[in-house]
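See below for the structure under consideration.
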Amino acid sequence: MKQMSRFKEVLKLIGRHQKFLVSTHHNPDADALSSALSMALYLKSRAKKVVVLNEDACPDWLQFLPSTSLLKKAADVKAVDYEVAIILDCGDLKRIGGVKNLLVQGKPIVNIDHHITNDRFGTINVVDAKASSTCEMIFSFLKETKTKLNKSYADLLYAGIMTDTGSFRFENTSAHTHEVISQLLPFGISAVDMYQRLYVGMPVADMKIFSEVISQAKLLDHNRVFCVSLAKKVLSRFSKSFDLKEKLFTFLRSVDGIEVVVILTELGSKEIRINLRSQNDFDVASLAQQFDGGGHKKAAGCKIYDSLERAQKIICLAIHRKLGI
């Protein structure tokens, strides 16, 4: 069914119920957080009761966005009185982490997402892989519902779209994306200020550690692959507000000839998060699926349950084979 008809199904479900749980993937980025908060604001504007939950707290670098105080950590909640769960920007239900333990079997789940690898886990699935971001989809949702936009919606949606398109540089940026942005800017958004908040600004102390991390990055496969391993002890040296992963991706993707950037983050002694970004024709989504992950052709992720050293060897070998070298 078409996206518009699926939104009509969502609206019918919203119309029949009063209490909602809204969530998105763990370690939320701007698109995930902004789409979830925008949906929460919409529900509240319709006099609905809504709880916004996440496995993690709001990242410090996104605290400037409107209504972040609505977000609660799943670990701080024992149970939720809800009738419908709305999950946004999430390719599969495992990615909501501990929030999944609060879901009640048999209650409807609305799945709104733009990842090509989405496994359609919802009772109602609105999945548009051609959308630049989930925030772009939420803009369409708000338009269909004739919701009056305001500064809060505009700030949230702009931040989500801006970051998921790499400041409108990635190939998922479409003519429609720019049309959406043109309707958000009149609400007093400063493109310069938003860019500064989301991308620019590096404390001197963080810059020094960042330089160390870059110097230890591995250049592989005839200078086509950059691999960065981040041990817990390294991560603990950075300030909480520093978005290390995005800074690394932005810097390393700018190097001539680089096709794939992989960042391994140590979550535990045998749990490593893998984040992948690519350029040219390398499909990181299909690579991530080999390890029960997913995402987009140019941006994906997964987990490997092994040591940091072993995980690096495993993922780099998989990339090497996919490159056909």
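Numbers below:
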| quantity | calculated |
| --- | --- |
| Accessible heavy-atom area order of PHE20, PHE226, PHE64, highest first, probe of 1.4 Å | PHE64, PHE226, PHE20 |
| Whole-Hz couplings from phi, Karplus 6.51/-1.76/1.60, listed for segment 112-119; x for Gly and Pro | 10, 7, 10, 7, 5, 8, 4, 9 |
| Over the chain: helical MRE at 222 nm, DSSP H runs n ≥ 4 each giving -39500 (n - 2.57), nearest 500 | -11000 deg cm²/dmol |
| Nearest-10 value in Å² for the accessible area of ARG46, using the 1.4 Å probe | 90 Å² |
| For LYS48, net neighbour charge (Lys/Arg +1, Asp/Glu -1) across residues whose Cβ lies under 12 Å away | +4 |
| Area of VAL234 that stays accessible when all protein chains are in place (1.4 Å probe, Å², to 10) | 30 Å² |
| Apportionment of accessible area to carbon and sulfur, the chain, percent (1.4 Å) | 51 percent |
| ILE189 - accessible surface, heavy atoms, 1.4 Å probe, Å² rounded to 10 | 20 Å² |
| Computed over the chain: relative contact order in percent, which uses C-alpha pairs under 8 Å that are six or more apart | 13 percent |
| Cα-based helix-to-principal-axis angle, 30-45 vs the chain, degrees rounded to 10 | 10 degrees |
| Rounded to whole Hz, the Karplus (6.51, -1.76, 1.60) HN-Hα couplings of segment 199-207, x for glycine and proline | 10, 9, x, 9, x, 4, 4, 5, 4 |
| Sequence-separation-based contact order of segment 1-91, relative, with Cα cut under 8 Å and 6+ spacing, percent | 39 percent |
| Additional length obtainable on full extension of the chain from LYS78 to SER182, 0.36 nm per residue less Cα span | 33.2 nm |
| Per residue, in Å², the accessible surface of the chain once ligands and nucleic acids are set aside, probe 1.4 Å | 46 Å² |
| Among MET194, VAL234, ASN101 - extreme Cα towards positive end, dipole of the chain, charges at beta-carbon | ASN101 |
| Magnitude of the charge dipole, the chain, Cβ model with Lys/Arg +1 and Asp/Glu -1, debye to 20 | 780 debye |
| Between segment 138-197 and segment 33-102, the alpha-carbon center distance in angstrom | 20 Å |
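The values are calculated or read from the model by the stated rules, or taken from the named source; none is laboratory data. Because the structure is a prediction, the values reported are computed rather than measured. Glycine also receives a Cβ, built like all others from the backbone with ideal geometry; neighbour counts cover every protein chain displayed. For accessibility, only protein heavy atoms count, side chains too; no ligands or nucleic acids. Shrake-Rupley method; radii C 1.70, N 1.55, O 1.52, S 1.80 Å.
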